[in-house]
Amino acid sequence: AAAAAAAAPTPTLGKGEGEGDDDDAMAIDTFVERTDALEPPAPREYDLNSFELLRSADVFEGFDGAGGQRPPAPLGFPVWSHRFAKCRVAHGSLLPLLELHSIASQMTLLQVVSKRLARVSLAASTVDSTPAGTKEVFVLTADEVAAAARGLSFGVAAAPRDPADFVAHRHLLWLARADGASDGRLAESLPSLAHAMWRSWHASGWGGVLDEIPAALQPKLRLKRSETDGFSAKDFHRGSTHAAASWNAARGPVRGERATSTFLAIALVATHGGMDGVVSRPARALQLRLASRALRLTPEGGSHGTRVALEWSALGSLTAQALAAHATAAPAHARPELAAALADLVSWTSPRFHSEGSERNRKGSDAAAVLRDRLSRAASAVDHGPLRALMAPVVGPLVDAVIAGAMTARDFAESTAVRLQFASVESSATWAERRRADCSSRGVAWALLGLLRLHLLLPVGTPDPAAATRARLDRADAKLSRETAPTLACLAWQTRAAAATPPPASAVAEAKAEARSLAAESARLARNVVPRPDPPLWTPMLAEAARFRDQLASVERVTGIVAALSANVGAIDEGGTEATMKARAAATTKARAEAVAWLDAAGPWGGRLDVSFPGYRDATEPLQLAALELRRGLALLVSAAPDVSSDGAKARAARGKITPGYADAAAAAAAAHLLAFPPLASVGGGSAAALLASPATQRALSVVESVAWTRDAEARRGADATKGSAARSAAQLRVEALRAALAAAAEEASTSGSLSIEGWRRCCDVFASLSSLWAHARDAEAEAEREAAELFRSRTKPPTAAETLEGDDDKTEEEAYRRAFGDHGAMFEDLQRAPDAVMELGDDEGEEGKPKLDGVPRADADSDRDDDDDDD
């Protein structure tokens with residue numbers, strides 16, 4: 001009520017209000033509208049109901065959610081707690097985990113829908129296909145409906161994604177429940193729904209809460225008091241820290257390829273999630289509980305390797321569907337051969353095909369070559385101009401990449417068990433190289449698929465399909481209203497009029513049948529009419545798409561970037577001559593820069609289509625899907641290609657003792673053993689003590705920490721960034737790793753019941769490493785003291801405090817000045833004696849070219865020491 005009263009208009013009385021004039025006092029001049037309503041004060045942190053806050057995580061909804069699925073356990077803070085700043089910050093730090101899980105869980109449904117879409121397109125491309133023969137292809141199984149329902153339920157109830165991303169899921173569930181086995185609405189809608197799912201999934205990888213590190217998880221400035229002299233917190237640039245730079249480097253869909261959940265979990269613990277102080281303990285406890293619950297969520301596809309296999313299967317299905325869409329351009333007798341070859345491609349990329357140990361899988365490359373030949377012969381019969389132009393540069397490499405990637409997908413999925421990946425530094429390096437190669441192959445496939453789709457969509461001169469539908473609707477309505485309806489009226493008049501001859505019954509029946517047919521056609525066309533803006537923007541939209549295809553997304557430009565990036569994968573660690581290494585580094589740097597510039601330029605293009613051409617979603621959304629596929633492919637290629645600047649920094653820190661790739665693999669294996677629970681040693685993943693204490697791991701940790709510390713020092717803008725500080729930080733990390741190795745050795749001995757010979761040797765290695773670190777630290781400190789002493793002895797002695805205080809006359813001040821800076825006047829004594837004399841050759845040189853002093857000794861004995869200082 002108080003807020004409403006404050007917001008109400010307040011009358012302002014006239015100027016005679018306080019002067020005693022009754023007329024002026026009663027006059028109302030104006031009304032002043034007050035729009036600045038008072039906001040309620042922010043609640044105090046101590047007013048938070050801690051009991052209700054902690055209890056909110058135990059509440060389970062008792063009703064079914066979207067799609068008939070029971071909502072999951074609460075994964076975020078209750079809505080009423082967002083009034084408190086600490087709860088809002090804690091809730092925001094949990095959102096990236098939920099969005100990451102939602103994106104990763106969609107691959108299973110996308111693979112199933114893509115495979116079904118390919119089967120539908122192949123069935124429709126054959127000559128003898130009939131609706132009855134293709135009906136069972138459109139029927140969704142119970143598992144597929146349940147997968148769509150789970151994705152919709154989690155995405156709407158828990159994930160911070162846009163609810164519009166799940167519109168296709170909702171429509172799919174509606175049609176699946178209403179269709180049964182007779183209606184064909186699901187069959188007609190499946191292509192558009194599948195492409196809408198892919199478009200929303202690709203778009204969710206760009207932007208969202210994963211676009212930037214949440215404020216609560218950003219690195220904090222933690223320095224000793226001695227390091228903060230002349231340095232303020234505003235000089236700390238968080239975006240340039242090692243953690244922030246690593247996060248920003250893996251932008252877009254690349255975050256789904258990295259250990260992003262581990263990164264977020266470490267940041268949540270290391271930064272306290274923005275929770276400090278006693279008053280924040282309830283919010284911090286709930287934050288950790290919800291974070292652990294989110295980390296225990298298992299994506300639909302299972303492990304990362306399994307999701308990679310599903311992605312390859314989806315790529316094969318989408319490639320087959322894109323080619324089958326143009327099967328009508330082939331002769332009738334060649335269509336069955338093309339459909340059979342594309343069906344074999346879909347089966348080849350299916351995960352079950354390679355897991356069953358079939359004959360083709362045993363033959364391997366021979367079967368792949370046979371499949372390529374069959375597809376090449378079948379596709380050559382398609383008489384479609386744009387597709388035939390893309391056969392050599394796009395379609396051929398795309399099919400090769402899909403076939404080769406699907407062959408290795410199963411082996412890659414089996415090798416991604418954590419206990420096998422990080423059992424040793426060598427296995428970690430091997431797995432990292434294979435993962436980089438697979439990421440590059442998927443990038444090539446996605447980029448070529450998007451390029452194929454983009455150049456086949458909406459060629460110049462394509463008519464507006466909505467305009468054609470509108471024209472047919474107008475024609476049906478016009479014929480019904482101007483021809484058929486007047487004819488029926490005349491026939492009815494002739495039938496009723498006594499003087500008129502009755503019309504033939506066949507004419508009346510024919511007119512009524514035509515009226516019913518036209519009315520049904522008009523109703524059907526009215527449902528398919530798409531509203532368009534006036535004036536129409538179809539021609540400008542075609543021009544915009546053609547301009548994008550010809551300039552930024554031309555075939556030559558995109559294929560050149562793809563070839564350059566895929567050819568330089570692993571080039572830094574391959575070795576070779578110095579000239580070869582420099583050429584590879586220059587080519588990689590140029591290709592990465594061009595790809596990054598392409599991603600930055602192509603990013604806003606899809607959004608501009610919605611703004612510039614409203615009302616054309618049926619045409620702009622396929623273009624956006626093609627652009628997103630291109631962006632995903634190039635982003636994966638950029639992440640797989642070596643980063644010359646980063647690898648160069650690691651190589652300089654390693655000083656030739658270890659390669660950058662090997663350092664990353666060793667550090668990843670060490671992190672896996674430190675973070676795994678239960679320990680990897682208990683599940684056959686190797687000994688953590690042996691790995692952490694190995695010389696390779698110790699060097700790798702030193703390299704990685706030195707690079708990270710140097711980057712963080714640069715972000716501090718003025719803090720101490722000496723080389724000794726970086727070495728000291730690296731040594732501290734190595735000591736902590738060795739302590740963890742001792743703890744792991746003790747745990748392994750406790751598990752086995754005795755300290756084995758191998759365990760004793762590991763402990764000896766740990767103590768030897770600790771002793772070596774101590775010896776290096778002692779030698780470094782001695783060297784620093786020796787350098788400081790040498791520097792002190794070579795410095796020019798400044799005037800003492802007593803001399804400075806006593807220097808109240810000219811003679812004392814001149815003597816103090818000469819002692820501090822030396823006396824170089826002897827070198828110019830001839831100029832002082834006769835400044836106007838004529839100089840002759842050799843006047844200023846003494847014996848052997850030394851300055852001539854005319855027999856006069858130097859004025860000060862300290863000048864030699866001063867010259868030494870100048871040399872220093």
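The values are calculated or read from the model by the stated rules, or taken from the named source; none is laboratory data. All values reported here derive from a predicted model rather than from experimental measurement. Cβ coordinates were reconstructed from backbone atoms using ideal geometry, including for glycine residues, and neighbour counts include every protein chain displayed. Keep in mind that these areas ignore ligands, DNA and RNA; they rest on the heavy atoms of the full protein, side chains included. Shrake-Rupley method; radii C 1.70, N 1.55, O 1.52, S 1.80 Å.
One table, with the values for the structure above:
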| quantity | calculated |
| --- | --- |
| Selected residue [in contact with a Lys or Arg (Cβ under 8 Å, 6 or more places away or on another chain), within 21 Å of Arg436 (Cα to Cα) and aliphatic (A, V, I, L, M)] from Leu637, Leu565, Leu625, Leu630 | Leu565 |
| Count - residues of segment 681-696 that are surrounded by fewer than 24 Cβ atoms within 10 Å (Cβ to Cβ) and under 31 Å from the mean Cα position of the chain (by Cα) | 1 |
| Residues being under 15 Å from Gly205 (Cβ atoms) and charged (D, E, K, R) - total across segment 623-648 | 3 |
| Options Arg652, Arg592: the member that is in contact (Cβ under 8 Å) with a residue 12 or more places away in the chain and assigned to a helix (DSSP H, G or I) | Arg592 |
| Of all residues in segment 247-261 being assigned to a helix (DSSP H, G or I) and open to solvent by less than 60 Å² (accessible area, probe 1.4 Å), the one that is farthest from Pro299 (Cα to Cα) | Trp247 |
| Any hit, segment 714-724, residues being assigned to a helix (DSSP H, G or I), at pLDDT 85 or above and either on the phi > 0 side of the Ramachandran plot or not polar (S, T, N, Q) (or both) | no |
| Some residue of segment 506-527 being assigned to a loop (DSSP other than H, G, I, E, B) and either under 30 Å from Asp618 (Cβ atoms) or open to solvent by less than 80 Å² (accessible area, probe 1.4 Å) (or both) | no |
| Number of the exception - Ala489 against (1) farther than 30 Å from Val558 by Cα; (2) assigned to a helix (DSSP H, G or I); (3) in contact with a helix residue (DSSP H, G or I) (Cβ under 8 Å, 6 or more places away or on another chain) | (3) |
| Qualifying residue in segment 671-680 (condition: in contact (Cβ under 8 Å) with a residue 12 or more places away in the chain, open to solvent by 60 Å² or more (accessible area, probe 1.4 Å) and of a type outside the set (A, V, I, L, M)) | no |
| Within segment 747-757, tally of residues that are without any contact (Cβ under 8 Å) to a residue 12 or more places away in the chain, open to solvent by 60 Å² or more (accessible area, probe 1.4 Å) and in a helix (DSSP H, G or I) | 3 |
| Criterion (surrounded by 21 or more Cβ atoms within 10 Å (Cβ to Cβ) and modelled with pLDDT under 85) met by exactly one of Phe138, Phe77, Phe154, Phe84 | Phe138 |
| Segment 288-313, subset basic (Lys, Arg) and either within 22 Å of the chain's Cα centre (by Cα) or modelled with pLDDT under 90 (or both), residue surrounded by the fewest Cβ atoms within 10 Å (Cβ to Cβ) | Arg296 |
| Residues satisfying the stated conditions in segment 273-284, i.e. in a helix (DSSP H, G or I) and either β-branched (Val, Ile, Thr) or surrounded by 16 or more Cβ atoms within 10 Å (Cβ to Cβ) (or both) | Gly273, Gly274, Val278, Val279, Ser280, Pro282, Ala283, Arg284 |
| Close pairs from segment 421-432: first modelled with pLDDT under 85, partner open to solvent by less than 20 Å² (accessible area, probe 1.4 Å) and assigned to a loop (DSSP other than H, G, I, E, B), Cβ under 6 Å, at least 6 apart | Ala423/Gly685 |
| Residue within segment 314-326 that is of a type in the set (A, V, I, L, M), within 22 Å of the chain's Cα centre (by Cα), in a helix (DSSP H, G or I) and within 30 Å of Arg116 (Cβ to Cβ) present | yes |
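Per-residue answers, yes or no, for (1) of a type in the set (Phe, Trp, Tyr); (2) within 29 Å of Leu542 (Cα to Cα); (3) surrounded by fewer than 17 Cβ atoms within 10 Å (Cβ to Cβ):
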{"residue": "Met581", "(1), (2), (3)": "no, no, yes"}
{"residue": "Lys590", "(1), (2), (3)": "no, no, yes"}
{"residue": "Asp600", "(1), (2), (3)": "no, yes, yes"}
{"residue": "Asp643", "(1), (2), (3)": "no, no, no"}
